[in-house]
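Novice: Structure in structure tokens, see below.
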Amino acid sequence: MNVDSKEIDEFLVSLLRKVGKNLREDSIKKMSVATKKNRNDLVTNFDKKTEKFINNEIKQFYPEATIVSEEGYGDLVKDMSGLVFFVDPIDGTMNFVKRGDNFASMIGVYIDGQPLIGAIIDVMDNEIYHGGKEIGLYIDNEKINTPKNLPLVEGLVDVSAPMALSNRFSVQDVIKKSSGFRVYGSAGIIFGHLLTGKEVMYMSYLAPWDLAAGRVMCEAAGLSVVSIDGAPINMLESQVVIVGTQKVVSEALKTLKTR
Ligand code: 2AM
Ligand code: CA
Ligand code: CA
Ligand code: CA
């Protein structure tokens, strides 16, 4: 299939710009909040509304594409052939509900299973991280400088709260070797930190829509994206993922007790 990554990138940026404006307005409105799997797992009317809006726009401009999305308005996707859009309408819904900041909206695009373009908007800062291997990486119109390959001892690490608190895989041993520990609560916001070198590692259990956009951009930035068991990343399943500088990911894999 012939795809124009520049055109897709421009489409994603203009779409997320609209999404961001809508969500900044929505964030101060009364919202209806429901729980999904547990009391920490929230969904609002705005997650659903935003996903419908994004998916409709994708269907209009890329009718041949399939969509994998969190809140149920996507397609049933069984393989990665063709053009696949991964959509997380609000990433960090708990932050959206409780704080009104540190939440994102993300779209990752793959072609025949290969990462193509990712885009993430930090909604309250109105900054869009976007691009891929072919066209380079940007925050809005500014090129992103490649993050330095720092070791664990020189950088901040971010681990999801459930994983850090339960000390899964003895992850606290990795945290203790770092410069410090942060828990931002939005994969999208953390991918922005990794791309700009503000943090050197993120470890979390992530669903495909949590990972898709960030994986495209982090790999294009020379960062390492691996699953905890060393298997190739599977974009159709949830998995525990480590993203970080080459040095940090290799140190983490040596430190973690994965069996
Ligand atoms: P969400 O807000 O889109 O659900 C919070 O620690 C981060 O992990 C957010 O990016 C959140 O995305 C994601 N997250 C929350 N619960 C999750 C789950 N059960 N599986 C995978 N990702 C999850
Ligand atoms: Ca969710
Ligand atoms: Ca998410
Ligand atoms: Ca979400």
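The values are calculated or read from the model by the stated rules, or taken from the named source; none is laboratory data. Note that the structure is a prediction, hence the values are computed from the model and not measured. Cβ: placed from backbone, ideal geometry, glycine included. Neighbour counts: every protein chain shown.
Novice: Looking at region 192-205 only, could you name the residues that are within 16 Å of ligand 2 (Cβ to nearest atom) and under 20 Å from ALA221 (Cα atoms)?
Specialist: SER204
Novice: If GLU71 satisfies every condition in (1) of a type outside the set (A, V, I, L, M); (2) away from ligand 4 (no atom under 12 Å from the Cβ); (3) surrounded by 14 or more Cβ atoms within 10 Å (Cβ to Cβ) but one, which is the exception?
Specialist: In the conditions (1) of a type outside the set (A, V, I, L, M); (2) away from ligand 4 (no atom under 12 Å from the Cβ); (3) surrounded by 14 or more Cβ atoms within 10 Å (Cβ to Cβ), GLU71 misses (2) alone.
Novice: Scanning for something within 16 Å of ligand 2 (Cβ to nearest atom) and more than 25 Å from THR258 (Cβ to Cβ), does region 139-156 turn up at least one residue?
Specialist: no
Novice: Something else: So if I check each of ILE54, ILE67, which one is closer than 30 Å to PRO162 by Cα, without any contact (Cβ under 8 Å) to a residue 60 or more places away in the chain and part of a helix (DSSP H, G or I)?
Specialist: Within the list ILE54, ILE67, the selection yields ILE54.
Novice: Of the residues that make up region 23-35, is at least one at pLDDT below 95, more than 14 Å from ligand 2 (Cβ to nearest atom), under 17 Å from SER186 (Cα atoms) and not assigned by TED's automatic domain parsing to the domain that holds GLY192?
Specialist: Yes, the conditions are met somewhere in region 23-35.
Novice: Show the residue pairs meeting these rules: Cβ distance below 7 Å; 6+ apart or different chains; first residue within region 116-127 and in a loop (DSSP other than H, G, I, E, B); second residue basic (Lys, Arg).
Specialist: Sorted first by the residue in region 116-127, then by its partner, the pairs are VAL123/ARG24; MET124/ARG24.
Novice: Output yes when any residue across region 123-131 is within 16 Å of ligand 3 (Cβ to nearest atom), under 14 Å from the mean Cα position of the chain (by Cα) and in the same structural domain as GLU25 (by TED's automatic domain parsing), and no when none is.
Specialist: Yes - at least one qualifying residue is present in region 123-131.
Novice: Looking at GLY82, GLY100, GLY108, which one is under 18 Å from the mean Cα position of the chain (by Cα) and at pLDDT 95 or above?
Specialist: Step by step, each of GLY82, GLY100, GLY108 is checked, and only GLY108 is under 18 Å from the mean Cα position of the chain (by Cα) and at pLDDT 95 or above.
Novice: While we're looking at this one, here's another question. Take region 76-115 and flag every residue that is crowded, with 21+ Cβ neighbours inside 10 Å and more than 20 Å from ILE28 (Cα to Cα).
Specialist: Across region 76-115, the qualifying residues are VAL84, PHE85, PHE86, VAL87, ASP88, MET106, ILE107, GLY108, VAL109, TYR110, PRO115.
Novice: Just need a number here: residues in region 101-115 that are out of contact with any Gly (no Cβ under 8 Å at 6 or more places or on another chain) and in a strand (DSSP E or B).
Specialist: 2
Novice: Enumerate the strands (runs of 3 or more DSSP E) found wholly within region 164-230, keeping only those where 3 or more residues are within 16 Å of ligand 4 (Cβ to nearest atom).
Specialist: 201-206
Novice: For region 23-39, enumerate the residues that are of a type outside the set (Gly, Ala, Ser) and either in a strand (DSSP E or B) or in contact with a helix residue (DSSP H, G or I) (Cβ under 7 Å, 6 or more places away or on another chain) (or both).
Specialist: Those that are of a type outside the set (Gly, Ala, Ser) and either in a strand (DSSP E or B) or in contact with a helix residue (DSSP H, G or I) (Cβ under 7 Å, 6 or more places away or on another chain) (or both): LEU23, ASP26, MET31, VAL33, THR35.
Novice: Additional query: Take region 47-105 and flag every residue that is of a type in the set (A, V, I, L, M, F, W, C) and either farther than 23 Å from LEU116 by Cα or within 16 Å of ligand 3 (Cβ to nearest atom) (or both).
Specialist: Within region 47-105, ILE54, ILE67, VAL68, PHE85, PHE86, VAL87, ILE90, MET94, PHE96, VAL97, PHE103, ALA104 qualify.
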